[in-house]
Each structure stands twice: as structure tokens, then as C-alpha cells.
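Below you'll find the structure, written out as C-alpha cells, and then a few comments.
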Amino acid sequence: MGREKEAKGDAKTKHKSTKLKRLSDRESAGAGEHSAEKTTSAEKTKSTKKTANGKSHKKVKTPKTESVEAASSASEPVKQEPPDDDDFTTKKKGLKRKRIKDEPVEGISQSPASPTLKKENKEHGHEGGSDEDAPKKKSKKRTEKTVKKEEGEHPVAKKPKRTKEEIEEARQLKIKKKEEEEQNRWRWWEEEKYEDGVKWKFLEHNGPYFPPEYQPLPDNVLFYYNGKKVKLSPTAEEVALFFAQMLDHEYTTKKVFRENFFKDWRKEMTDEERTLIRDLEKCDFGEMHAMHKAKVEARKNTTKEEKQALKEANEKIVDEYGYCLLDHHKERIGNFKIEPPGLFRGRGEHPKQGMLKKRIQPEEVIINCSKESRLPVPPAGHRWKEVRHDNSVTWLASWTENIQGSIKYIMLNANSKLKGEKDWEKYEVARKLKTCVDDIRNQYLRDLKSKEMVTRQRAVALYFIDKLALRAGNEKEEGETADTVGCCSLRIEHITLHEQLDGNECVVEFDFLGKDSIRYYNKVPVIRKVFKNLRLFMENKQPGDDLFDRLNTNVLNKHLSSLMAGLTAKVFRTYNASITLQQQLKELTTKSDNVAEKLLSYNRANRAVAILCNHQRAPPKTFEQSMANLQAKIDTRKEQLALAKTELKQAKKEAKNKGSSDPKLQTMVERKKAAVKRCEEQLLKMEVQATDREENKQIALGTSKLNYLDPRISVAWCKNVEVPVEKIYNKTQRDKFAWAIDMTEADFEF
DNA sequence: GTAAGGACTTAGAATGAACATA
DNA sequence: TATGTTCATTCTAAGTCCTTAC
């Protein structure tokens, strides 16, 4: 990235000790007059970044809303105000990356698993209900939809219409299935918790699923170097294919990606290949790319039978590897597949993008299960790296990946006990914060005047974390990952101070790349004490220097845990997200609204949180078109409504003229009234949908819904305003939040 | 006290399936 | 039936925070 090349210096050293020592001599001094100069320099650096870092062809995340801070009062620093959605949606533009499909999974080369797991599952009665596997779920879903269709909306052509009895029967079956599912669910939340540190007492599984071995290309698909045919060795060919498959993707145009790929590819070549292939520019992957595209196309055009066969093969894999037995309950595994080899796709300007992510062998995999369980069998001719029996952790298998050297885990699905319990605990900690948040806020406001620099920095950082829901911001190793920051790792170049801006005083302008290289841009009026402190922290520093040079997440979290057990920086995000949802729902919902309007309110409340947490998404590619289509439908419906109204008027007139005794005319009036009403309802529904979609254009609601919003708030809201919970949570979400759906009453308060 | 390692959560993109419309 | 659109699921990178080793 261009920015850090300019700004990088010793000042940007990441390690804590250095960071703390480095600026020890800067402690003194009040707000200096250099700050204006510094700001200018920071600004300059920033603008260089914007043009030079290549963001224009990446995930371009344009300015985020200013609504959150604009609405909040500088004198009430910690109050979360409702954001102005319209403001947000009109401000952002974005380009979505082109996507490319990965190599199709062909064939299954797995050792047959022992039947013990399945047998045990049956014995424990968990093969049905909530334990159905994904494909089964899908087929069930389709049945529901078909039933719905057949219940009278649009009969499918040529299909014989079912009788009322059959429809009723299907409905009963559906209800029965749902009840069964409910009965079979493991209600772990009603059981006693294990002692601290114990995650399970019995764990059995079949090990991870390995991706199929590489199948060499047919002889008619060739690679050319410098215009000449070259038959690559299988290993070199496999890596070349990874690149060829990505040719439509923007990644392959990036210098870093190309260089990393080429370097790693050459390592996989034979001596002879390495001598010959020296320049990526001279490589022609055209035929390999074409073959890949043809495969994708062919997959799209598979017949029903082929699709069915593929589905069944997949189901078999899920049945065998997708579940485990945890304390004798069948639980779904979240990611039971070993990650296949490929080229590393780091986000943002990742220095390691394009590197070869190697194929994982069983010899690299550690298995974790019960001593007394049936051990998973490694694929034929292989063995595990290690089998251990550690019930203080939740993972089933792990391996070390070669890009960052970090450990990857096979873990349970979000609907499992282990994940659910932790989730519940997380929200309980956030609720506990509610009871002491006022004291904590008062304390950090007092700390803004502390004599100690570290305390002041901590206070300002906390102010940001609390008010803006910033992430903690751990230190990162330079050159290992994309240059992104959070609160504690903010640098001078990331903020600009404005005495006056847009009619506000003491405005801080933030502009930095956060997690996943998503841009955070915000202009926030702050209280004067914070503003003055920031000016102090920025004195005599370069754009690449740390803003909080005395602070890191460790120091911050230690302080927080002394204020409340279990309190860390992250808890503020959960707390503020959940409390915002609760407040917004209260504010926005009217009991007399219809369901569509209530759902719009829910989505708006959800959106307020997503904006607060800066959860952005690239606008859907087809957004404009689909909005235009919806508008056209609205216009048509409006015309229909006008017509229906005229007809009603006419009918009323006729009924009046001929006297109200004519029952036929009265029926006609009633019918026309109903038609008008129906039209109006449909129109309203569409208009609500259009508003919702427009407001949602660039905001991802899913992340906050899944990770930050206490589900009990939503469930209680559903109960209070009589909205079926199915309207806000799909099947997967209902499974994940089963504990909350089951235990929450309408009077729940976060 | 600090760096490194480990375990876990959070995140958006990619992919696939279902559904709607022409 | 083909094609476009939406929604759900999968994938795995990138965070947080705690523990361990020195």
C-alpha cells in the first residue's frame, strides 16, 4: 500500500514494549500549535493512500454514514443515537469483485467410516427432528413450498390438484414433524453446566473429510510457455490450474498476487520446468482456463438425474463426516472438511495474497476425541499426526496452515450446545455491563483529566470504543497481514481534528481500514476534553505514529476486567449493539401496524446497529435493475387500485339508486370493497419492501443479527407485537437461537 | 514483562438452491 | 422452459483475548 510506504518508519513499530518506550519522552506538554501542521501532513498522507493503495479496484468502501455521530450530542458522549438511514444510503458507492468458481469437487475418495457413530445416534434417537442433515432439510423445505403453492395460489401446470383432505393431511404432517423436531431437540440450557474448563465428557466423530486428490488434465488441454506447448508435471500443473481458474478474478491482475503465486509455483516445479519457466508474462493458461469455464458451464447444465446423484453423494458425505456425538447427543459439525489447496485470498492489500495454500495430509492433522470413543480412521495408507483427548477444548481436529502458520480447527455448528452456551454467556456478560456502565462511563470521563498519560489515553480509547463501537485493535505483525487497525492501534494519519465542521464544534474525522480492510469513515463531534487530549496525543508525531502510544489492548482489557469480571473491549460492542436494538424497537414499533410495517421497523432497528458496527456489504450487482422492476410493479398496482376504487364507487352508486334492499347489489359492493382493500394491502407491502431494500443497499444486517444482538430481545419483541419469530429468523437462525426462543418471555429486558 | 501460541468469535465473499418472471 | 433474482449456506480470513513460555 502506498500510504505506509510513505508513513512507515520506526514510529510504526508494532511491538508493545518498543511502542511504550519509544515515546516516553513525549509525556509533557499541553496542546501545541503544531497540531494544525500535523493534521495537514496526516491528511496528505491519507490522500496519497486513497489513490495509491489500489483500493479503487478492490472492495471500495466509500464513506460511511455520519448519522450516528451527527445525531449524538457532544455533551452526552456515550449516548447512541438513531442513525439517519437515508443519509447513509445516498453516500456510498461500491464495486463488487468479480467472482470465480473453484474447482468442482469430483468423486469421493474417502475411507469408509465405522458405523458406530450412526448406530449410536439411532440408539439415542437423534436421527430425526432437528438433527436432520442439510439436504434433508432442503427437501423438506421444498415440500412446504409446494404445499403452499398447491394450497391455492398458483397451481403448477399439469399437476393434478390435490383434494382438501390431502392438503389438510400435508399440513398435519408438517405440524407433526415440527413437533417431533422440537421434542428431539437437546435442551441443554435446562441442564446443569459442567465445572469450569470442562467442555465435554464424551466426544466421538469420524474425523475430517479430505478433499479429493488432484486429477491431471486431459492430454488435449495444454499449457504454453513463450508460445510453446509444455506438458507440466502433475504437481506444477495443479498449481497452474489454481491460477488459471482465477483468471477472471481481479486478484490475478494484482502485482503482489502474481509475484507470490509465481514464486510459490516455481517451488512446485521440477528442475527442468523451473529452468524453462522464468516469466509469468510468457505463460499462457488459456486452454486451462477455457476448460475450467466449460466445466462450470457443464455443471450448470446437468440433468435432474445427475443433480440428484450429486446431491445424494453429498448427503452421504454429510451423514458420515458432518456429525459427532457429544455427550451422547448427535451434534452437527460446522466445518468438517479440510480446506482444499489453492491460492491464498487475503483481503485488502494482503502481502501474502497469491501464495500457495498447500494440501493438508492426514499426517498433519491432530484429532481430539474421547479416550473411550471409537477413534476416527485415517484415509487408507495414512495416519494421524496425533490423537489427543483434551476435553478442555471444543475442537475435533486441527492442523497448521502454511501461509501464516496459524492453527485451523474443525469445530461444531452454531446450533450446538458448545456454541450456544458460549453465546448465551456472552450476552449475559453484556447485560451485566448494563448495570455498571454508568459508573464506568463516569470513571473514564474523569480519567480524561488524569495526570498520567496512559490513563488519559485509555480514557479516550474507551470513549471511542463505547461511543463508536470500535474494535479493540490488537497489534499486528508488520508485513504479515494487510495494514488494518482498530482503536488501540489507530495512527495519527487515521484521524483529523476539526475545531469546527458542518456547524459542529470539536469534530474528529476518522478514516481508516478496519477488519477485513473495510473502510471506516466517520465525522464525530466529541466533548472538548477528548478533543484536547487528542491534540495532545498527536503533538510532535508523524502520520505513521501510534495515536495511543502508551496503550495496547492488553493494558486496556486488564483495566476493564478490574472494573467488572469478564469485561473486555469487545463486550462494549455487544452491549451497545443490543441496547440500541432494544431502544430502537421500542421507538419504532407501533402495535397497530401490520406485520409488514412491523418488520420494516425491525429491519430499521437492525440497520441502526449494523451502521453502528460498520457492517458493510458491496451493493448487489443487480440492485438498480431489481429496484426498477419493483417500482414498475408498484406502478401497475397503483393503477389497479385506482380502477378498483372507481368500480367500488360505481357499485355503491348503483346500490343506492336501486335501493339497499337488493342483496345482489350489496354483495357486489362488499366484493368491490374487498378488492380495494386487497389492492391497498398489496401496494403497501410492495412499497414497504421497496423502502426496506433501498435502505439496505449497502448494509449487511446478518453479521449483527448473528453475533451482536441478544436474540432474546428479538424473541420478546416478536411476542409483544405478535410477529411470528419465523419472520425475523430463518431456519438456521432459529436453530442457533433455539435456547433464546425457548426461554424468552414477552417481558424480557436486556 | 513480553512475545508467541492457541482457541475461539466475527466477518464478507463465494457459492448453491429456491423461487419468480418472461 | 429459460433466465433472472433472492435467499441460505458454506467457506475461510481476520479479528479478540487468554494462556504459556521465556
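The values are calculated or read from the model by the stated rules, or taken from the named source; none is laboratory data. None of these values were measured; they are calculated from a predicted model. Reconstructed Cβ throughout: ideal geometry from the backbone, glycine too, with neighbour counts over all protein chains shown. Accessible surface is based on the protein model in full, side chains and every heavy atom, while ligands, DNA and RNA are left aside. Shrake-Rupley method; radii C 1.70, N 1.55, O 1.52, S 1.80 Å.
Could you tell me whether A:LYS352 is touching a helix residue (DSSP H, G or I) at 6+ places or on another chain (Cβ under 9 Å), within 14 Å of DNA strand B (Cβ to nearest atom) and modelled with pLDDT of 95 or more?
Numbers: touching a helix residue (DSSP H, G or I) at 6+ places or on another chain (Cβ under 9 Å): yes; within 14 Å of DNA strand B (Cβ to nearest atom): no; modelled with pLDDT of 95 or more: yes.
Considered against the rule, which asks whether it is touching a helix residue (DSSP H, G or I) at 6+ places or on another chain (Cβ under 9 Å), within 14 Å of DNA strand B (Cβ to nearest atom) and modelled with pLDDT of 95 or more, A:LYS352 comes out as no.
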Which numbered condition A:GLU499 misses (of (1) modelled with pLDDT under 95; (2) more than 23 Å from the chain's Cα centre (by Cα); (3) of a type in the set (D, E, K, R)): (1)
Pair list, Cβ < 7 Å and 6+ apart or interchain, from the range A:192-220 residues that are under 30 Å from A:ALA240 (Cα atoms) and free of Cβ contacts under 8 Å to residues at least 60 places away in the same chain to residues that are away from DNA strand C (no atom under 14 Å from the Cβ) and part of a loop (DSSP other than H, G, I, E, B): none
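Filter the range A:328-341 down to the residues that are in a loop (DSSP other than H, G, I, E, B) and within 15 Å of DNA strand B (Cβ to nearest atom) and list them by number. I'd like the intermediate steps shown before the answer.
Quick first cut of the range A:328-341, residues in a loop (DSSP other than H, G, I, E, B) only: A:328, A:334-336, A:338-341.
Answer for the range A:328-341, where residues must be in a loop (DSSP other than H, G, I, E, B) and within 15 Å of DNA strand B (Cβ to nearest atom): A:GLY334, A:ASN335, A:PHE336, A:GLU339, A:PRO340, A:PRO341.
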Selection within the range A:255-307 - open to solvent by 30 Å² or more (accessible area, probe 1.4 Å) and among the acidic types (Asp, Glu): A:GLU259, A:GLU268, A:ASP271, A:GLU272, A:ASP279, A:GLU281, A:ASP284, A:GLU287, A:GLU297, A:GLU305, A:GLU306
If a residue has to be closer than 16 Å to A:LYS371 by Cβ and charged (D, E, K, R) to count, how many in the range A:389-409 make the cut? 1
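Conditions (1) outside the structural domain of A:ASP735 (by TED's automatic domain parsing); (2) open to solvent by 10 Å² or more (accessible area, probe 1.4 Å); (3) within 8 Å of DNA strand B (Cβ to nearest atom), marked per residue:
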site: A:SER392; (1), (2), (3): yes, yes, yes
site: A:ILE403; (1), (2), (3): yes, no, no
site: A:SER406; (1), (2), (3): yes, yes, yes
site: A:GLU428; (1), (2), (3): yes, yes, no
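Taking the range A:310-364 only, how many residues are of a type in the set (Asp, Glu) and within 7 Å of DNA strand C (Cβ to nearest atom)?
Here is the first cut: in the range A:310-364, the ones of a type in the set (Asp, Glu) are A:312, A:315, A:319-320, A:327, A:331, A:339, A:349, A:363-364.
The next check asks that each one be within 7 Å of DNA strand C (Cβ to nearest atom); those that pass are A:339.
Within the range A:310-364, residues that are of a type in the set (Asp, Glu) and within 7 Å of DNA strand C (Cβ to nearest atom) number 1.
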Tally up the residues in the range A:221-252 that are without any contact (Cβ under 8 Å) to a residue 40 or more places away in the chain and open to solvent by 50 Å² or more (accessible area, probe 1.4 Å), please. 5
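Which of the strands (runs of 3 or more DSSP E) contained wholly in the range A:435-530 include at least 2 residues that are within 15 Å of DNA strand C (Cβ to nearest atom)? Before you say what the answer is, go through the steps one by one.
On the way: elements: A:495-501, A:504-513, A:519-525.
Strands (runs of 3 or more DSSP E) meeting the threshold: A:504-513, A:519-525.
Please determine whether any residue of the range A:624-635 is more than 10 Å from DNA strand B (Cβ to nearest atom), of a type in the set (Lys, Arg) and more than 24 Å from A:THR703 (Cα to Cα). Even if it seems obvious, please write down each step before you answer.
First pass over the range A:624-635, keeping only residues more than 10 Å from DNA strand B (Cβ to nearest atom): A:624-625, A:627-628, A:631, A:634-635.
Those still in the list that are of a type in the set (Lys, Arg) too: none.
Looking through the range A:624-635, none of the residues is more than 10 Å from DNA strand B (Cβ to nearest atom), of a type in the set (Lys, Arg) and more than 24 Å from A:THR703 (Cα to Cα).
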Filter result (surrounded by fewer than 23 Cβ atoms within 10 Å (Cβ to Cβ), of a type in the set (S, T, N, Q) and within 20 Å of A:LYS541 (Cβ to Cβ)) within the range A:485-508: A:THR496
Restricting attention to the range A:352-404, and to residues there that are assigned to a loop (DSSP other than H, G, I, E, B) and β-branched (Val, Ile, Thr), which single residue is farthest from A:LYS199 (Cα to Cα)? A:ILE403
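Residues in the range A:408-419: is at least one out of contact with any Lys or Arg (no Cβ under 9 Å at 6 or more places or on another chain), of a type in the set (Phe, Trp, Tyr), modelled with pLDDT of 95 or more and open to solvent by 50 Å² or more (accessible area, probe 1.4 Å)?
Yes - at least one qualifying residue is present in the range A:408-419.
Tell me, which residue of the range A:673-710 that is among the polar types (S, T, N, Q) and at pLDDT below 80 is surrounded by the most Cβ atoms within 10 Å (Cβ to Cβ)?
Applying the first criterion (among the polar types (S, T, N, Q)) to the range A:673-710 yields A:682, A:689, A:691, A:696, A:698, A:703-704, A:707.
Then drop every residue that is not at pLDDT below 80, which leaves A:682, A:689, A:691, A:696.
Working: A:GLN682: 15, A:GLN689: 16, A:THR691: 14, A:ASN696: 21.
So the residue we want is A:ASN696.
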I'd like to check something: does the range A:637-652 contain any residue that is surrounded by 12 or more Cβ atoms within 10 Å (Cβ to Cβ) and within 13 Å of DNA strand B (Cβ to nearest atom)? yes
Restricting attention to the range A:405-434, which residues are of a type in the set (A, V, I, L, M, F, W, C), in a helix (DSSP H, G or I) and more than 11 Å from DNA strand C (Cβ to nearest atom)? A:LEU418, A:TRP424, A:ALA430, A:LEU433
Any idea how many residues of the range A:188-202 are surrounded by 15 or more Cβ atoms within 10 Å (Cβ to Cβ) and under 12 Å from A:LEU418 (Cα atoms)? 4
One residue is enough: does the range A:525-540 have a residue meeting the conditions in contact with a helix residue (DSSP H, G or I) (Cβ under 7 Å, 6 or more places away or on another chain) and within 13 Å of DNA strand B (Cβ to nearest atom)? no
Between a first residue in the range A:320-342 that is surrounded by fewer than 17 Cβ atoms within 10 Å (Cβ to Cβ) and a second residue that is of a type in the set (A, V, I, L, M) and outside any strand (DSSP E or B), which pairs have beta carbons less than 6 Å apart while being 6 or more apart in sequence or on different chains? A:GLY334/A:MET411
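Restricting to the range A:615-645, and then to whatever is more than 12 Å from DNA strand C (Cβ to nearest atom) and within 22 Å of A:ILE728 (Cβ to Cβ), can you tell me which residue is modelled with the highest pLDDT?
The first filter runs over the range A:615-645 and keeps only residues more than 12 Å from DNA strand C (Cβ to nearest atom), leaving A:615-616, A:618, A:634-645.
Then keep just the ones that are within 22 Å of A:ILE728 (Cβ to Cβ); that gives A:615-616.
On the way: A:HIS615: 92, A:GLN616: 87.
Only one residue fits best here, namely A:HIS615.
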